[in-house]
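The values are calculated or read from the model by the stated rules, or taken from the named source; none is laboratory data. Because the structure is a prediction, the values reported are computed rather than measured. Cβ coordinates were reconstructed from backbone atoms using ideal geometry, including for glycine residues, and neighbour counts include every protein chain displayed. To get the accessible areas, we keep the full protein, side chains included, count just its heavy atoms, and leave off ligands, DNA and RNA. Shrake-Rupley method; radii C 1.70, N 1.55, O 1.52, S 1.80 Å.
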Amino acid sequence: MNRQIRQLAAGFMALYISLFVALNYWQVERQEDLNSRVDNKRQILREFNQPRGPIITADGVVVADSVAAPPPASTTSSAAIRRPTCSPT
Amino acid sequence: MARAMNLARRRRSGELTLIIMVALITGGGYMLAALGTNSEIPARIVPFLVALVALLIITHIAVRLLARGADATILPLAAFLHGIGYVMITRIDERLAGLQTTWSFVSVAAFIATLVIVQRATDLARYKWLLFTAGAVLLVLPMVPGIGTTFNTGARIWVQLGPINFQPGEFAKLALAIFFASYLADTKELIAAGTWKLGPIHLPSPRYIAPLLIAWGFSVMVMVGEKDLGSSLLFFTLFIVMLWVATQRIMYLIAGAILFAGAAYIAWRIFGHVQERVDIWLNPWADPLDDGYQIVQALYGLSDGGILGTGLGVGSPNTVPEAQNDFIFASIGEELGLVGAATVLIGFMLLVGAGLRIAMRTENSFEKLLAVGLTTIMGIQAFIIVGGVIKVIPLTGITLPFVSYGGSSLLANYVLLALLIRLSDSSARRLGELPDDPLLGERWSAWRLRRSQRRTYRGVTP
């Protein structure tokens with residue numbers, strides 16, 4: 001049976017190599033192409049999440065400040081979407 | 001004998017070194033993920049580290065006491081995958097991480113319990129018909145009205161008993177692997193001989209192949225009925241691989257591949273949900289906001305991660321639905337990049353290698369086949385879900401062993417791990433790498449036997 005087990009090991013190796021090749025394809029080969037697609041929100045999300053300092057006038061008044069935003073609504077559960085201005089009728 | 005003792009001790013200290021490395025990686029990852037999301041070291045860091053180190057050390061001591069001749073890499077590899085998965089789950093969903101902590105403790109308890117109960121792997125072979133029945137019942141359980149439920153996942157694979165929900169299929173595959181191994185070890189020559197002549201073709205006698213076909217047909221039928229394509233694929237592969245290794249006939253592998261192609265084609269023609277899966281696989285961008293949303297977002301995550309990843313806690317894996325479960329590999333690829341994702345793949349590869357090495361080393365057919373079966377379950381399951389996430393094969397929902405969120409899966413995989421470690425230990429004993437001293441259970445029965453004999457000699461009726 002050891003011959004079959006060795007062949008099985010080779011088979012597993014081939015399967016995992018195919019995964020590794022696919023991973024390289026998506027993460028390296030297609031990286032720029034995917035990142036620049038219009039429906040890809042990740043670049044925008046990153047831009048919005050950039051920490052920014054407050055804007056302060058010369059006399060020390062804060063005119064703009066960053067506050068922590070609520071976590072983005074999960075796309076899976078509708079319970080996470082809150083509409084505080086809408087009163088239930 | 002001194003050399004033999006040293007070998008076991010060297011293996012265990014090698015394991016301890018690897019375990020410490022796993023603790024450092026997991027602890028560091030947990031801290032980095034918290035720093036990445038909240039820019040502060042979490043308040044729970046101390047209890048977390050204490051629990052992490054305690055769990056790792058307890059499992060290590062359990063192996064040291066109960067299976068000291070076992071391969072040194074199996075436990076650390078599983079602990080590494082579990083640790084990486086846990087860090088990703090805490091980062092994706094805090095509430096689920098709490099549940100996963102509980103399940104981790106339960107799984108380690110089950111791991112130790114399995115090592116205690118199964119002292120000799122060959123003992124399992126005696127319970128093959130019991131395990132056959134148990135596997136069958138577990139598979140059908142989710143279809144029983146009242147306790148079976150779908151939890152909106154589309155697949156009816158859950159059982160709800162009071163406050164506890166679990167996926168019995170995870171345990172059924174272990175029971176069936178043990179049954180297949182035991183049955184094939186007894187009848188492999190009879191099946192391979194092909195005593196039933198049908199014209200020019202020699203087929204195995206239906207008497208010997210029937211229980212296998214029933215077990216396999218049953219599991220596939222139930223899985224198709226429960227719409228759980230991933231598990232159905234897993235059972236099919238497990239069955240074919242074990243039959244092929246046991247009979248040493250390539251014919252079974254070829255016949256299996258043809259049968260599979262036929263079954264896949266028929267399933268594709270008949271079932272709408274299969275067609276949908278295949279269409280999404282072929283072109284997820286046909287409907288990127290609805291049907292293809294999950295996989296398209298997973299691929300965007302992977303490409304955003306690139307080679308080195310966005311960093312733990314800095315990416316946005318929550319964009320992918322089920323990021324903590326079926327799609328955890330995409331989250332790892334996003335935040336830890338190609339390097340981290342490849343590390344996880346290599347972890348699985350090494351685990352498969354260790355499992356097959358056990359199968360090669362042992363001379364006992366049952367142990368050989370069981371090691372092959374258990375390794376195949378783990379290796380194929382990881383391949384099916386990772387391949388589904390990165391669009392190598394159509395996506396079928398199934399957990400990534402040790403990494404994904406989910407109690408049943410973690411528990412079943414730790415039991416599987418304990419069985420592999422037990423097999424590794426018994427093969428080391430049989431090869432004379434360490435003295436095969438009597439085990440706890442055997443010492444106890446010997447003591448009871450001595451006591452009863454003493455009583456008999458003294459003239460006391462036992």
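Figures for the structure shown
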{"read-out": "Within segment B:261-273, considering residues that are in a helix (DSSP H, G or I) and of a type in the set (Phe, Trp, Tyr), the one most open to solvent (accessible area, probe 1.4 Å)", "value": "B:265"}
{"read-out": "So residue B:67, is it open to solvent by less than 10 Å² (accessible area, probe 1.4 Å) and more than 21 Å from residue B:28 (Cα to Cα)", "value": "yes"}
{"read-out": "Cβ-Cβ under 6 Å pairs, at least 6 apart or on other chains, segment B:346-361 side free of Cβ contacts under 8 Å to residues at least 12 places away in the same chain, far side β-branched (Val, Ile, Thr)", "value": "B:360/A:5"}
{"read-out": "Counted residues, segment A:19-38 - those being part of a helix (DSSP H, G or I) and open to solvent by 40 Å² or more (accessible area, probe 1.4 Å)", "value": "9"}
{"read-out": "Identity of the residue in segment B:164-198, touching a strand residue (DSSP E or B) at 6+ places or on another chain (Cβ under 9 Å) and farther than 30 Å from residue B:405 by Cβ, that ends up surrounded by the fewest Cβ atoms within 10 Å (Cβ to Cβ)", "value": "B:197"}
{"read-out": "Flag if residue B:24 is under 25 Å from residue B:100 (Cβ atoms) and open to solvent by 90 Å² or more (accessible area, probe 1.4 Å)", "value": "yes"}
{"read-out": "Filtered residues of segment B:216-260 (kept if more than 14 Å from every other protein chain (Cβ to nearest Cβ), open to solvent by 50 Å² or more (accessible area, probe 1.4 Å) and charged (D, E, K, R))", "value": "B:227"}
{"read-out": "Segment A:39-58: number of residues that are open to solvent by less than 70 Å² (accessible area, probe 1.4 Å) and either within 8 Å of chain B (Cβ to nearest Cβ) or touching a helix residue (DSSP H, G or I) at 6+ places or on another chain (Cβ under 9 Å) (or both)", "value": "4"}
{"read-out": "Residue match in segment B:424-436 (condition: open to solvent by less than 30 Å² (accessible area, probe 1.4 Å), charged (D, E, K, R) and more than 30 Å from residue A:27 (Cβ to Cβ))", "value": "yes"}
{"read-out": "Residue selected from segment B:370-383 under the condition open to solvent by less than 10 Å² (accessible area, probe 1.4 Å) and at the interface with chain A (Cβ under 8 Å from one of its Cβ atoms), by the criterion farthest from residue B:285 (Cα to Cα)", "value": "B:372"}
{"read-out": "First in segment B:440-455 and assigned to a helix (DSSP H, G or I), second anywhere and of a type in the set (S, T, N, Q) and surrounded by fewer than 11 Cβ atoms within 10 Å (Cβ to Cβ), Cβ under 8 Å, 6 or more apart", "value": "B:455/B:461"}
{"read-out": "Positions within segment A:1-14 being open to solvent by 20 Å² or more (accessible area, probe 1.4 Å) and under 26 Å from residue B:184 (Cα atoms), in sequence order", "value": "A:1, A:2, A:3, A:6, A:7, A:9, A:10, A:11, A:13"}
{"read-out": "Segment B:59-81, subset small (Gly, Ala, Ser) and assigned to a helix (DSSP H, G or I), residue farthest from residue B:427 (Cα to Cα)", "value": "B:79"}
{"read-out": "Residue ID - farthest from the other protein chains (Cβ to nearest Cβ), chosen from residues in segment B:308-326 that are open to solvent by less than 20 Å² (accessible area, probe 1.4 Å) and small (Gly, Ala, Ser)", "value": "B:313"}
{"read-out": "Residue within segment B:99-112 that is at pLDDT below 90, of a type in the set (S, T, N, Q) and open to solvent by 40 Å² or more (accessible area, probe 1.4 Å) present", "value": "no"}
{"read-out": "Considering residues of segment B:283-307 that are within 17 Å of residue A:30 (Cβ to Cβ) and part of a loop (DSSP other than H, G, I, E, B) only, the residue farthest from the other protein chains (Cβ to nearest Cβ)", "value": "B:283"}
{"read-out": "Criterion (more than 24 Å from the chain's Cα centre (by Cα) and modelled with pLDDT of 85 or more) met by exactly one of B:201, B:280", "value": "B:280"}
{"read-out": "Unique residue being part of a helix (DSSP H, G or I), closer than 22 Å to residue B:111 by Cβ and under 24 Å from the mean Cα position of the chain (by Cα) when the list is B:56, B:49", "value": "B:56"}
{"read-out": "Qualifying position, being among the acidic types (Asp, Glu), part of a helix (DSSP H, G or I) and open to solvent by less than 20 Å² (accessible area, probe 1.4 Å), among B:276, B:334", "value": "B:334"}
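Residues are listed down the side, and each one gets a yes or a no for (1) touching a strand residue (DSSP E or B) at 6+ places or on another chain (Cβ under 7 Å); (2) among the aromatic types (Phe, Trp, Tyr); (3) open to solvent by 10 Å² or more (accessible area, probe 1.4 Å); (4) within 10 Å of chain A (Cβ to nearest Cβ):
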{"residue": "B:359", "(1), (2), (3), (4)": "no, no, no, yes"}
{"residue": "B:365", "(1), (2), (3), (4)": "no, no, yes, yes"}
{"residue": "B:385", "(1), (2), (3), (4)": "no, no, no, no"}
{"residue": "B:394", "(1), (2), (3), (4)": "no, no, yes, no"}
{"residue": "B:398", "(1), (2), (3), (4)": "no, no, yes, no"}
